[in-house]
Amino acid sequence: METLVRDPFASKGIEYLLVLAFLALLPLYWRYLNGVPRLAALRVPVGERRVLSGWFRLPEAASFHPGHTWAVPVRPGRVRIGVDDFAQKLLGAAQAVRLPDVGTRLVGGAPGWTLDVENRAFDLPAPLAGRVVARNESVLRRPGLLNEDPYGAGWLLELEVPAWRSGLGSLLHGDRAHAWLARAEDALRLRMSPEVGAVLQDGGVPVPGIARALSADEWERLARELLDPK
Amino acid sequence: MIATRSEAPAERRGLQGLLRFLIGELKPKGSLLTPFNLISAPIIVLAAVLLAIRFTHGLASITNLSQEFPWGLWKGFNVITGVAFAGGAYVVTFLYYVLRQDRYHSIVRITVLNGFLAYVFYAGALLLDLGRPWKVINPIIGNSFGLSSVLFLVAWHFMLYMIAAFLEFSPAVAEWLGMRRLRRTLATLTLGAVIFGVTLSMLHQSGLGALFLMAKGKIHPLWYSEFIPVLFFVSSIFAGLSLVIFEGTISKRAFRTRMTDEHHVHHDEIVLGLSKVCAGTMFVYLFLKVVDLVHGQKVGLLDTPMGHWYLLEVLGFVLVPFALFTEAVRWRNQMLCRVAAVLTMIGILLNRLNVSIISFKWYETAHYVPSPWEFVVTLGVVFAEIWVFRWIVNRLPVLSAPPLWAVEARVPATRPVPGAVPVPTSEA
């Protein structure tokens, strides 16, 4: 090898090959850089590399709609969406999940699907506008998945979103998401009754179904108020 | 966000009012007894004393410089490395003013200020190292232009770039002083200053590399290259942007209340955008390094002690942060961006010190090792720059919104002006 690179003709040949390799690799690299992690790899950070923002899980890879729904790119132009940890803890165990059919066009910020909790129906907003290309059939069969793993096995839909990059950019991400969730937590703390306030003193985290624990009579109104994106 | 200016414009204050305002602004804002101040102030004072000794008793009194090793830490770190880190200013202004990437709007002023101060302090540190500093003016006034020297180009580039950077920043000074007419005039010069500044930066970043073409045979072949001007230029892009990312992280904590809502909202996207530029330019840089190894027939040198040191620099502090930047952009991971930025900065520091000091006359038995006093002066220069930077950011509309009258001058009155601070009705 050393003899080869000391030969000026050979080293010139290697230089040409390097330039060709560079030109071939540059567009591939740029595509890789602008792409998104593969679905298989994505499951790990969304499901397991969780970051706790106070009481609620907030995965770094996800972007959030203020109506407590999340979105994660699966590949360019395709986005996976679901309900965040705050919403599932606030509402508690879902009896059923009603999802739109494949092919339905969702409007960003408008109701995208419905959760049935304690015989009440809660519409939650689609974080992005797009066409439904896949539904999580497992969560339809077993709604409890949404509570067990809201960012992993409890995902709800996959959308085809042509302007996915700018769409995700308009959602809450990173520090902005942390700040937003902290405000949501503050709003929740203000509603705390003494018995639930004990959770704070214990250093614990809220149990599923916080809204019902806070107010057995008016939990539905309270939940709707706390989930309101405004 | 907090209000920045409530004083009446200078035109209505008169000279006395302006003087009162300036004296008021000199007063410290907040506590002086902060941990940073307690550490930095004694070092700055000690550095000042050491510099007094250096200028009265000569370089040898506090440095280990000699005829054999005339360039030491002050040039290697302050000048060569500091100027590379100042590269963020020309890249960000190019992105914003030329490529019209509006999302970088909120960091333009702070980046230009950073670049300007870096030149004033770090390029200014050149004076500390000159045997006869008073002759520094010669290439400018023509007493002895020194047209055949690369330093002639460097001197003119530095001087012109400092003027261009100040012009780019000057509308903020006019806003601070409340000088409407002056601000209007200065604002018209901004685009010209930016184009001039970007051109000059590209020339002098590579010009600094060209300086080392004079030292062929004295610099270890792994660091000496005909491509060194190109390598210096390309690396200044990711060096400067890494500093912008790092500095942004600090500013976000230190000047949180002064930052505009626009800045808070776009901060994450800005970091990801800059990280992407870093990743792209590092890809090009790594390719150039490989071509340089093959072209210069230096591959055989890699398995030597200096070769291992070279590999540490290129693999550990270019390839690794390059991979981190790439994954950080893909995963939109802010923390990874910051880690990559810090590793990149260490890599640039290593590279510039390797070129200018460590690999210089590597064959000699006696080597230059900076004296402790040289470290103190170097730190003193860095801390002094941070003090001035902090003073300006805490007073001028750098991170905070400009006054409403300045924004109204730029946009039609009917358009909303997010983040602008209204001036009192008495002067409206």
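Read-outs throughout are calculated quantities, based only on the coordinates presented, and are distinct from any laboratory measurement. Note that the structure is predicted; figures quoted are calculated from it, not measured. Using ideal geometry, Cβ is built from the backbone for each residue, glycine included, and neighbour counts are taken over all protein chains shown.
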Highest average packing first - B:67-77, A:87-97, B:307-317, B:140-150, Cβ atoms within 10 Å: A:87-97, B:67-77, B:307-317, B:140-150
Cα gyration tensor shape of region B:105-158, rounded if a/c is under 1.5, else prolate or oblate by comparing a/b with b/c: prolate
Too-long pairs where the Cα-Cα distance tops 18 Å, listed order kept, from B:Lys216/B:Lys298; B:Lys75/B:Lys289; B:Lys75/B:Lys361; A:Lys12/B:Lys298: B:Lys75/B:Lys289
Qualifying GluC sites (Glu not before Pro) for region B:326-410 [loop in DSSP, other Cβ within 10 Å: at most 16]: B:Glu364
Cα gyration tensor shape for region B:23-165, rounded if a/c is under 1.5, else prolate or oblate: oblate
Spin-label model distance (nm) - A:Ala187 vs B:Asp303, 7 Å beyond Cα toward Cβ: 6.6 nm
Positive-end residue of A:Gln88, A:Pro73, A:Val107, charge dipole of region A:57-119 with Cβ unit charges: A:Pro73
Value at 222 nm in deg cm²/dmol, rounded to 500, when DSSP H runs of n ≥ 4 in the protein assembly as shown each add -39,500 (n - 2.57): -17500 deg cm²/dmol
Reachable lysines, given that their alpha-carbon falls under 20 Å from the alpha-carbon of A:Lys89 and they are not under 8 places away in the same chain: A:Lys230
Within 10 Å of each Cβ in B:77-90, the average number of Cβ atoms from other chains: 0
Gyration tensor (alpha-carbon) shape descriptor, chain B, a/c threshold 1.5: prolate
Dipole of region B:126-219, positive direction: furthest Cα of B:Leu127, B:Thr185, B:Met202, with charges on the beta-carbon: B:Thr185
Axial C-alpha extent at least 30 Å, average Kyte-Doolittle at least 0.5 - helices from chain B (DSSP): B:35-57, B:150-177, B:180-211, B:228-254, B:261-295, B:372-393
Whole-Hz ³J(HN,Hα) from phi, Karplus 6.51 cos²θ - 1.76 cosθ + 1.60, for region B:212-221, glycine and proline x: 7, 5, 6, 9, 4, x, 9, 9, 3, x
Average projected area [Cα convex hull, region B:243-337], square nanometres: 7.3 nm²
Centroid-to-centroid separation of region B:257-336 and region A:69-123 [C-alpha atoms, Å]: 39 Å
Full-stretch length increase - B:Leu404, B:Glu269 - with 0.36 nm per residue and alpha-carbon distance subtracted: 46.0 nm
B:Thr365 paired with B:Val388, simple spin-label distance in nm, labels 7 Å along Cα-to-beta-carbon: 4.4 nm
Placed amide H near A:Gly112: partners under 5 Å, 5+ positions off or other chain: A:Leu124, A:Ala126
Unit charges on C-beta of K, R, D, E only; dipole of the protein assembly as shown, Debye: 1080 debye
